[in-house]
Every structure is written in C-alpha cells, then in structure tokens.
Amino acid sequence: MIDIFIPAAGDFKWAPAALYSALTQTYKNKRIILFLDGYSQLARNFIDKWWYNDISRERIFTKTVKWKNLNLSFEESDKGILVVNEKGPSGTAAIARQWLFEWKNKSEWIKMLDSDDLLVPNALEKMEKYCGEDIDGVFCPMIRSSCNRLAKSMSGKPIKGGSGSGSMLLRKSFMEKVVKAGFIWPNKRGHDNDFFQFVKDKNFKFVTTKEDFLYIYLKR
C-alpha cells in the first residue's frame, strides 16, 4: 500500500488538480490522505462531491483528536482519509509534514504531493520499482511548469528543477527514525532544505529515478 499525502491550505484553490492526479494513478494499491489547514466553503463543496461512500453516500467514521495545540478532525471513506485542522490556518506545509511523520497509521510507503503540484498517471508505478529492501526513500526530478513554460513541457523539453519534499516517496520506518532522531519540520520558507541536510548528515539511503517526467511543480 502507498499513501499519497496532500497538505492543502484553507482556500483550497490549487488542491483539486493535485487530488485528481492522485486518484487517477495507474498504481492501484493506494490511499489518499488529504490534510486541510482550515476548511473553506470551496473545500466543503469539492469534498462533498468526491468524499462520500459511493453506495451509502454517508461518511463512514468521524473523530476529533488533539495534536500539539491543534484540534484535528478525521473522516474516513472508501477513498482515503480526510484530516482537517479545525483551527487553521497554521502554516500548512511544515505542520502537516510533522503530523504525518509522527502519525502511526500510515502505510509502508508514503508519496508526498504538495497541493499545487501534479503526478503524471504512472508516477507511483514507476517510483515503486525503486523501493528495494535497503532503500529509505525515492526522489524524482521535479519539472517546473507555468503558463510560459508549458509549451516546452508539451514538446518533450521540460525545464527540470531540483527535488522538493513533495516529490519524495518515503518508507514508514525511515520517517519513524527521523522522528526518533528529533528532527522537527521548521515552520518557515525553505523547510525542505533543512530536511535534505538532515538526511544527508545521517547518511540515509535515497535513490533518484531515471525517469524525468513524473512530478510537475505548477510554478505560479
């Protein structure tokens, strides 16, 4: 099982595209985990259209838990898990990542996907092939896309960037080691760099996919 984790800000305007790219993955054994920082009317309208159980049209299970200084509500359906920070917003990316790293019920592998990014349909299928027994995580090159760069991407000449934390596929046991080692996601711009330096210093084993066009950063 691979969890696809999407942290989304309260306005939710970028998240639907990321969510659909997760739902339409060719890799079948997956679960979507959507973390909402706040709960806008736009988010409510969208989730009401896709989150309900297809048969009963009722949400299966709801609970609220206290985590740090936040009240997080959980709703489960046949499509995955919806986590809402009812207090929101709290700085989505860092807070959501820290929660995920500490959360005990995640699957064996977790694909990070930021709400303003996209996965191509076979991204999970390609990345899963790199998940050997001794591998802590898999990076894939990040394609930077925007309206003025789209033509190059469509012509097969995308502009590559680095690998942001949203482009990672991580092993659960690795994430538990990170928490045990005391790493805290800093709630600031550029928190990815702190994490990458931590991974490098601890000599965790990561591989990078040979495939380029798996993960698209919708640069605004």
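Bear in mind that the values in this text are calculations on the coordinates, not laboratory data. Please read these numbers as outputs of a predicted model, since none were measured by experiment. Note that each Cβ is placed from the backbone with ideal geometry, even for glycine, and that neighbours are counted across all protein chains shown.
Applying the Kirkwood pairwise sum to the alpha-carbon positions of the stretch 162-203 produces a hydrodynamic radius of 11.0 angstrom. In sequence order, the stretch 130-137 has phi-based couplings of 8, 7, x, 4, 9, 9, 8, x Hz under the Karplus curve 6.51 cos²θ - 1.76 cosθ + 1.60, θ = phi - 60°, and Gly or Pro positions carry x.
At R0 = 41 Å, how high is the FRET efficiency between Lys202 and Leu42 if r is their beta carbon distance? Nearest 0.05 is fine. Before the final figure, lay out the partial values.
Details: r = 40 Å, r/R0 = 0.97.
E(calc), rounded to 0.05, equals 0.55.
Under the rule of at least 5 residues apart or a separate chain, name every residue whose amide H is placed under 5 Å from the amide H of Arg31. So Arg31 has HN proximity to Ile2, Asp3, Ile4. Note that the stretch 204-211 has calculated 3J(HN,Hα) couplings of 5, 9, 10, 10, 10, 5, 6, 6 Hz, one per residue in order, obtained from phi through the Karplus relation 6.51 cos²θ - 1.76 cosθ + 1.60 (θ = phi - 60°); glycine and proline are x.
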